[in-house]
Amino acid sequence: DEINDSLFANTVLLPNALRQRIKQVAIYDKNTQIWTSKKMGFEDYPGVEALGRRFSPEGVACYESACAAKQRMCDLGILDLHSSSSIVQMVGQAMTYLNGN
């Protein structure tokens, strides 16, 4: 829970799903109860840099921006967005309100 709260604050991950994702890049020692990073080539692990190349900085910034916008809308009480012809207008009004105009 501590790892999920600190590293994945904007993402909802079940504990088993988080554990499976960590297992892709680390090895858990049951004796010491410590996760250690896998070595390159171990179980076809490509290394941290190869994994990092999968994500562009723009994509990460876009994701964080979308999460922040979603949180602002929740703070305003907009919990559900429904598909309709006026959805663009409603989102535009919410964003205008968020900007203080």
Subset of the range 47-72, residues touching a Leu at 6+ places or on another chain (Cβ under 9 Å) and either modelled with pLDDT under 85 or open to solvent by less than 80 Å² (accessible area, probe 1.4 Å) (or both), comes to 69
Here the residues within the range 40-54 that are part of a loop (DSSP other than H, G, I, E, B) and either under 22 Å from the mean Cα position of the chain (by Cα) or closer than 20 Å to residue 19 by Cβ (or both) are 45, 46, 47, 53, 54
Within the range 28-39, the count of residues that are of a type outside the set (Lys, Arg) and assigned to a loop (DSSP other than H, G, I, E, B) comes to 3
Counted residues in the range 64-79 being in a helix (DSSP H, G or I) and on the phi > 0 side of the Ramachandran plot come to 0
Checking 29, 75, 80, 44 in turn, the sole residue that is open to solvent by 100 Å² or more (accessible area, probe 1.4 Å) and at pLDDT 80 or above turns out to be 75
If we keep only residues of the range 83-100 that are open to solvent by less than 70 Å² (accessible area, probe 1.4 Å) and among the polar types (S, T, N, Q), then the residue modelled with the highest pLDDT is 96
Exercise. Of the residues that make up the range 2-12, is at least one β-branched (Val, Ile, Thr), open to solvent by 70 Å² or more (accessible area, probe 1.4 Å) and at pLDDT 75 or above?
Worked result: no
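The values are calculated or read from the model by the stated rules, or taken from the named source; none is laboratory data. For clarity, every value in this text was computed on a predicted model and none was experimentally measured. Methodologically, a virtual Cβ is constructed for each residue, glycine included, from the backbone with ideal geometry; neighbour enumeration extends over all protein chains shown. For accessibility, only protein heavy atoms count, side chains too; no ligands or nucleic acids. Shrake-Rupley method; radii C 1.70, N 1.55, O 1.52, S 1.80 Å.
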